[in-house]
Structure formats: C-alpha cells, structure tokens
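Presented below is the structure to which this report refers.
The values are calculated or read from the model by the stated rules, or taken from the named source; none is laboratory data. Nothing here was measured: the structure is a model prediction, and the numbers come from that model. A quick note on method: Cβ atoms are made from the backbone with ideal geometry, for glycine too, and the neighbour counts reach across all protein chains shown. When the accessible area is computed, the model is the full protein with side chains, heavy atoms only, and any ligands, DNA or RNA have been set aside. Shrake-Rupley method; radii C 1.70, N 1.55, O 1.52, S 1.80 Å.
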Amino acid sequence: MVWSEQQLLHGGKYKIEKILGRGAFGITYKAVHQLLNQDVVIKTPHESLRLAPDYPNYGEEFIKQGQLLAQLSADLESLVQVRDLFQEGDTYCLVMDFIPGESLWNLVQRTGPLPETDAVEYITQIGSALNLIHGVGLVHLDISPHNIVVSNTGKPVLIDFEIPGDILRDSNVSSHIDNKPFRPYELYYQGSRHATVDVYSLAASMYYAVTGLNPTESIYRKYDGEELVPPNQLLPSISDRLNQVILQGMALEPKDRPESVHEWLQPLTEDDYFISLSEVDDLSSDVGVDYRPLRDLLIRRKWQEADQETLAVMLKATGREEEGWLDIPDINTFPCTDLYTLNTLWVKYSNGRFGFSVQKQIWQSLVTESVQVTPGADYEYETYCRFGDQLGWHTNETWLDYVDLPFTLNAPQGHLPVSYVGFFSGWAYFAFFMGGVSLFSRLEICSI
C-alpha cells in the first residue's frame, strides 16, 4: 500500500508528510519524528514487489541489510544516516536522516555544469563511501544525480539505497524514468548485483555533473547502436584525464569497466591530476608574490583557508604584513597584475560565483539602482547593508562576525573573498566603507 499524508506509523512515532520519490524497488516518504519534531525519510519496498515469488524471504534480507547500512553510516559522512528499522503491518520500514540541501540534479539544473574540481570532489567523496559499502557485500543499485544530495554545509551525501540484495534478482520492476540514463543495461535484463553497476552509475552521474546533460541511455547504446558522446566534445574545457575516466566507467560491457570504484577513481586522486588542471594558470606578480598556495587551496575547495591566504598575499603585495590590515593608499596603488591574478583565480575555481569582479558588479548595480530611485539622495549606508545582504555578510540588520560566515560553494554569489574588508576586527561596515569601495575603484582603473 501507499501511505497518504498525515498517516501515523509505528504507534504514532512517525507521521507521513509526503512521497519524495519512487525507485525501482522502493518508495521514500518525508515524515516527522513526532516526539523529537525532526524531519526523517522512511523507505519502504515498492508495493508491486509483493507479487515477486521470493517476497516472503524479503523481510529477513531487508532487516539484515538495513542493519549493515546503520553500522556503515555511523562512520561515513557521505552516506545518509540510518536511525530506525521497523515493520508496519507486513511492510518493512527503514528510517533515515532527512538531508537539508539540494540534489546534484537540481544543483546542475540551477547553476549549469559544475567546475571540474567540484564534480570530482563530490563524486570521489561518494566513491569513498561506496568502496566501504561494496566491501561488506552491498551494492547501491540506484545511483544517480537525484540520489546524491549536496547538503547545506557543502557535503555530498548518498541517499535512497535499494536493498533487495539477491532475493529479488528476477523481479521485473522497472526503473524510475528519471534514473534510466544512469543505469547500465545489464541491470534491466540480468538482475546484476556487481559493483560494476555502481561504477557505471557513478560515472554517468559525473558525466551529467560536468556537462549538464544526460548521457545516452545504455539500452539504446546496446540494442540500437547509439553512441555515447564523449564529455569533452560537449564541453572542451573538460580535462583529457577526466574525460577518459568517465568513458572507462561508462563502458557498455561490465567486463570493460574497472572492477571497483577505487580502481575507477584512482587517476583522479593522484596529485599530478590537480597539478595538470592548474598548469595553464597565469600566476603573474609585479612584486614577487607566490600565488601557488592560494591556487592549490582553491583547486581543493578549501574556501576559508583560501580566503585567509588571499588576505595574506594582499598584505605581502602591499608591504603591510606587520600591520595585518590593508591601508587605503596601498589599495589605491595595488599592482594591477596581482589584482588580476587574484581575481582570475577566485572566479575560475568558483565557476564564476566568487571574486572581486563579481562583488564589484553587485555593488555597481546597487549604487545605480539607489541613484535611480532618488537622484542626489544619500543612500550610502542603506546601500552598504543591501550589498552585505546580497553577499551574506549582513543579515537582520547585523554585520556577521567572521566565524559565523559560511565557507561553501553554496554561499551567496560574491560571498568570497571577505577577509580583505576587515571582518577580523569586527568593524565590517567601516572596513568596507574605507577599503572595499577603494578596491572596486582600483578594479575599474585596472580594467578588471
């Protein structure tokens, strides 16, 4: 049966809110833990599975694998946490955390193809969890961008396990239509439960993340002779190594794929991969500043460390390392070459979300809007606050302390870098008034 909204389960412990999705083997619901007032997800077998010959044995397998997932998820940040396991009538129920955030599918739909380093970071974290999962004999079987959630803290989390094990290998339950581009053909016709199924699906998810497009469905490749378009033909900026890794993972025949997720991802975890991505960066400096440490932090998405390194190199470029803060005259004469290098690195490795030029554009739009509303009026402080609101520096009429700022790619457009405006001192408004606007003027002079 399919439960309706407000349905109470487990003696009133949980209340159903809505259906989140239907997969090949299960239905997931958003529910509320009544006593704790916490959102949870409850997964149950698909109602059509009751027709399968081996369904009477399904409960034992469901419980066994649910217990394994609970043990694994306790130590894996990239795997949704299992909180409860119970039976409601003859229906088995697995209770998991509800992850506030955005699915990888929706993230790409909203922002477009992800920067290569972001996509690799997300998929390798999911891959690390899968390595351990495969090590205990489990296979996910339904990996797709819909089942990878990027949490509000910027961490990717794998959700919505299919856990029929080998009990229902002959079931004719069809895949959810949204997930078909991410499933290998043998999963439809052979009931495969090998790790290479997850390798294919994870590679297909990477394909989508870096191109913004679904790959050709495997059944059309197998039986209609359709070709899989290489990712770098759709987006030439994709590196040759990543292009090759994706194609290897999406090899049509299981025997042609790497046998494990670890083997498949190995070329993307080596240091020379990150070095090769950054070889084309122009790290020029007119004053002898080394921008390689900043570049490496940005490549690895260590946003807070990169922000602090940005302040450090700006202080070095202006000779104000001892003072620890930027002086207006030095900002007004900041080397254009160095300012260009700093801005280019931030814009490139945030896929255009962060950087001085991004902040300048937001600032200029607000100043122009203020002048148009009432020409000649003094909108300075109000404009500063609105600017801070848009960048996530100011909220509820308060300038946030540095320790309270988010350092993720999901932060507002233009949120970083921020240290240069003096948040460490707690004088955010004054620092921006004195330093930020001067820097934006310098960007104009430097044609940035």
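A compact table of results
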{"quantity": "Kirkwood hydrodynamic radius (C-alpha pairs) into Stokes-Einstein, the chain, 10 °C and 1.306 mPa s, D in µm²/s", "calculated": "65"}
{"quantity": "Carbon + sulfur, % of accessible area of the chain - ligands and nucleic acids excluded, 1.4 Å", "calculated": "49"}
{"quantity": "Debye intensity ratio I(q)/I(0), log10, the range 215-254, q values 0.17, 0.18, 0.21, 0.28 Å⁻¹ (C-alpha model)", "calculated": "-0.46, -0.51, -0.66, -0.96"}
{"quantity": "Of 255/348; 222/348; 30/64, those spanning more than 27 Å from alpha-carbon to alpha-carbon", "calculated": "255/348; 222/348"}
{"quantity": "Cα pair count fraction exceeding 15 Å, expressed as % - the range 293-365", "calculated": "56"}
{"quantity": "Ranked by how many other beta carbons lie within 10 Å on average, peptides 200-211, 391-402 from highest", "calculated": "200-211, 391-402"}
{"quantity": "Radius of gyration, Dmax [the range 28-153; alpha carbons; angstrom]", "calculated": "16.1, 47"}
{"quantity": "Helix runs (DSSP H) in the chain reaching 27 Å along axis by Cα, Kyte-Doolittle at least -0.5", "calculated": "116-135"}
{"quantity": "Computed P(r) (all Cα pairs; the range 181-297; 10 Å bins; percent)", "calculated": "13, 38, 27, 13, 7, 2, 0"}
{"quantity": "Å² per residue, accessible surface of the chain at 1.4 Å", "calculated": "45"}
{"quantity": "Relative contact order [Cα under 8 Å, 6+ residues apart], the chain, whole percent", "calculated": "11"}
{"quantity": "Relative contact order (%) - the range 195-342, alpha-carbon pairs under 8 angstrom, separation at least six", "calculated": "19"}
